[in-house]
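None of the figures in this text is laboratory data; all of them are computed from the coordinates on show. Fair warning: this is a prediction, and the values are worked out from it, not measured in the lab. Using ideal geometry, Cβ is built from the backbone for each residue, glycine included, and neighbour counts are taken over all protein chains shown.
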């Protein structure tokens, strides 16, 4: 049970067209410059909101979801390690405590996040930079018919 940032990085980079960069000073996995997953350490304000309840320990990532209904449905299923915080209210993303989450659930969430972001791209960019243009077959010449 559990993944590391290195595991997340390897899986995310295996998806077509994914690049890794930094946004908001955190490692972010992107497709065509749009982030779909990112490292998400807790800020001082986040930690304060936890109050007496200890925050999840270990590495945390955030992943985009298709919309707020998808977020609510995912959180209602309550997979281990998946949660949200007040900072994410009204924002289509969930947090994942990698130490607590099942590998298959993390991979599924990353893949769904990738697909949600990639589907918002223009069709020409969806396949990513590894896509090759198809060569058009030469036009067939019509055969002359004899009467």
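Inside region 34-55, residues that are out of contact with any helix residue (DSSP H, G or I) (no Cβ under 7 Å at 6 or more places or on another chain), more than 19 Å from residue 100 (Cα to Cα) and surrounded by 11 or more Cβ atoms within 10 Å (Cβ to Cβ) make up a count of 2. Taking the criterion of being outside any loop (DSSP other than H, G, I, E, B), over 21 Å from residue 100 (Cα atoms) and touching a strand residue (DSSP E or B) at 6+ places or on another chain (Cβ under 6 Å), no residue of region 1-17 qualifies.
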